[in-house]
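**Q** Let me begin by handing over the structure; questions about it come next.
The values are calculated or read from the model by the stated rules, or taken from the named source; none is laboratory data. The model shown is predicted, which means the values in this text are computed figures rather than measured ones. Don't worry about glycine lacking a Cβ; one is built from the backbone with ideal geometry, like all the others, and counts go over all protein chains shown.
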Amino acid sequence: MEKKKELYRGKAKSVYETDDPNRYIMYFRDDTSAFDGQKIEQLERKGKTNNRFNFFIMKKLEEAGIPVHVEELLNDRECVVKKLQMVPVECVVRNVSAGSICRRLGVAEGLDLNPPTFEFFLKNDELHDPMVNDSHIISFGWGTQEQIDEMRAMSLKINAVLKDLFDKAGLILVDYKLEFGLYEGKLILGDEFSPDGCRLWDKETRKKLDKDRFRQGLGGVIEAYEEVARRIGCPLD
């Protein structure tokens, strides 16, 4: 597969077109950002770690019957993905209260949420990814009711699979975001799943092992990512 021009450069990944019109190459950089790009640093090994972590998780989800866009791991920083028409909303599932939900609702961090909460957010950095509901998504043409129902159902199925995976590794899956897109008219999981887009705590100590270490200046960011990878059996070499 021939890698061609860069089509998109996000905060931490770049997407390249290929000689296959239905396939892209996704490249994971060492760039790390928080607070809508206000805090940016380069963290050595981050691109490699997230690429391999994402591939491992995507394949676990695929084995569980979730359709995913990741097809092949090319090298430490690149993977082949299907070309998707992305739905411009993020799906957020929360098993434990943390982050923005605590600020919005005035609740304490660390409350178990049973059942887990599910929320939609519009993907728009300039607006700081505002929370939206089914009505907004349908009225503004961002998605259909059928797609909304399917994204919600898939997100909660993913939650069951990943909560079990991380629990067996002594970890709490606190919350995470997902993005979906259309491929040949079918809704499938896109983007990435890595410690950049979820919160993971040690089950006994509640030590944070995710991007909050970067947001909160706790240090040891990549070491935490690598620890999570080792504990779930994700190969990094």
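**Q** Could we say that D196 is without any contact (Cβ under 8 Å) to a residue 60 or more places away in the chain, in a loop (DSSP other than H, G, I, E, B) and under 27 Å from V87 (Cβ atoms) here? Lay out the reasoning, then the answer.
**A** Numbers: without any contact (Cβ under 8 Å) to a residue 60 or more places away in the chain: no; in a loop (DSSP other than H, G, I, E, B): yes; under 27 Å from V87 (Cβ atoms): yes.
The answer is no for D196.
**Q** I've got another one for you. Report the residue count in segment 135-153 for those that are among the β-branched types (V, I, T) and either exposed (fewer than 15 other Cβ atoms within 10 Å of the Cβ) or in a loop (DSSP other than H, G, I, E, B) (or both).
**A** Kept after step one, since they are among the β-branched types (V, I, T), are these residues of segment 135-153: 137-138, 144, 148.
Right, trim to either exposed (fewer than 15 other Cβ atoms within 10 Å of the Cβ) or in a loop (DSSP other than H, G, I, E, B) (or both) and you get 138, 144.
Residues flagged as among the β-branched types (V, I, T) and either exposed (fewer than 15 other Cβ atoms within 10 Å of the Cβ) or in a loop (DSSP other than H, G, I, E, B) (or both) within segment 135-153 amount to 2.
**Q** For segment 130-155, enumerate the residues that are closer than 14 Å to V92 by Cβ and small (G, A, S).
**A** Within segment 130-155, S155 is the sole residue that qualifies.
**Q** Hey, another quick one. (1) of a type outside the set (K, R); (2) more than 15 Å from E62 (Cα to Cα); (3) in contact (Cβ under 8 Å) with a residue 24 or more places away in the chain: which one isn't true of F180, the others all being true?
**A** (2)
Residue-by-condition table, conditions (1) under 23 Å from V228 (Cα atoms); (2) in contact with a His (Cβ under 8 Å, 6 or more places away or on another chain):
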| residue | (1), (2) |
| --- | --- |
| K123 | no, no |
| E126 | no, no |
| P130 | no, no |
| S139 | no, no |
| W142 | no, yes |
| L173 | yes, no |
| L178 | yes, no |
| G190 | yes, yes |
| F193 | yes, no |
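**Q** Report, by residue number, each residue of segment 212-226 that is closer than 15 Å to R45 by Cβ and outside any helix (DSSP H, G or I). Step through it out loud before you land on a result.
**A** Quick first cut of segment 212-226, residues closer than 15 Å to R45 by Cβ only: 213-214, 219-226.
Those that are closer than 15 Å to R45 by Cβ and outside any helix (DSSP H, G or I): G219, G220.
**Q** Now for a different question. Return the residue satisfying two criteria in turn: it lies in segment 10-44 and is out of contact with any strand residue (DSSP E or B) (no Cβ under 8 Å at 6 or more places or on another chain) and of a type in the set (D, E, K, R), and of such residues it is surrounded by the fewest Cβ atoms within 10 Å (Cβ to Cβ).
**A** E44
**Q** Turning to a different aspect of this structure: Take the conditions closer than 29 Å to V87 by Cβ and assigned to a loop (DSSP other than H, G, I, E, B) and apply them to P235. Does it pass? Can you show your working first?
**A** Working: closer than 29 Å to V87 by Cβ: no; assigned to a loop (DSSP other than H, G, I, E, B): yes.
Considered against the rule, which asks whether it is closer than 29 Å to V87 by Cβ and assigned to a loop (DSSP other than H, G, I, E, B), P235 comes out as no.
**Q** Residues that are assigned to a loop (DSSP other than H, G, I, E, B) and surrounded by 18 or more Cβ atoms within 10 Å (Cβ to Cβ): does segment 176-191 have at least one?
**A** In the first step, residues of segment 176-191 are kept if they are assigned to a loop (DSSP other than H, G, I, E, B); the result is 184-185, 190-191.
Within this subset, residues satisfying the condition of being surrounded by 18 or more Cβ atoms within 10 Å (Cβ to Cβ) are 190-191.
Yes, segment 176-191 contains at least one residue that is assigned to a loop (DSSP other than H, G, I, E, B) and surrounded by 18 or more Cβ atoms within 10 Å (Cβ to Cβ).
**Q** Further question: Quick check on I158: is it under 30 Å from P21 (Cβ atoms), surrounded by 21 or more Cβ atoms within 10 Å (Cβ to Cβ) and β-branched (V, I, T)? First the steps, then the outcome.
**A** Working: under 30 Å from P21 (Cβ atoms): yes; surrounded by 21 or more Cβ atoms within 10 Å (Cβ to Cβ): yes; β-branched (V, I, T): yes.
Yes; evaluated as a whole, the condition is true for this residue.
**Q** Among the residues of segment 70-92, is any loosely packed, with under 15 Cβ neighbours inside 10 Å and assigned to a helix (DSSP H, G or I)?
**A** Taking every residue of segment 70-92 in turn, none turns out to be loosely packed, with under 15 Cβ neighbours inside 10 Å and assigned to a helix (DSSP H, G or I).
**Q** Next question, about the same structure. With I158, I172 as the choices, which residue is of a type in the set (V, I, T) and more than 29 Å from Q85 (Cβ to Cβ)?
**A** Working: I158 fails: more than 29 Å from Q85 (Cβ to Cβ).
Sole residue among the options that is of a type in the set (V, I, T) and more than 29 Å from Q85 (Cβ to Cβ): I172.
**Q** Also, I was wondering about something else. What about D125, is it modelled with pLDDT under 95 and farther than 24 Å from E63 by Cβ?
**A** Numbers: modelled with pLDDT under 95: yes; farther than 24 Å from E63 by Cβ: yes.
Judged against the criteria, D125 is a match.
**Q** Search segment 1-47 for residues being closer than 12 Å to C79 by Cα and among the hydrophobic types (A, V, I, L, M, F, W, C), and hand back the single one that is farthest from the chain's Cα centre (by Cα).
**A** The selected residue is M1.
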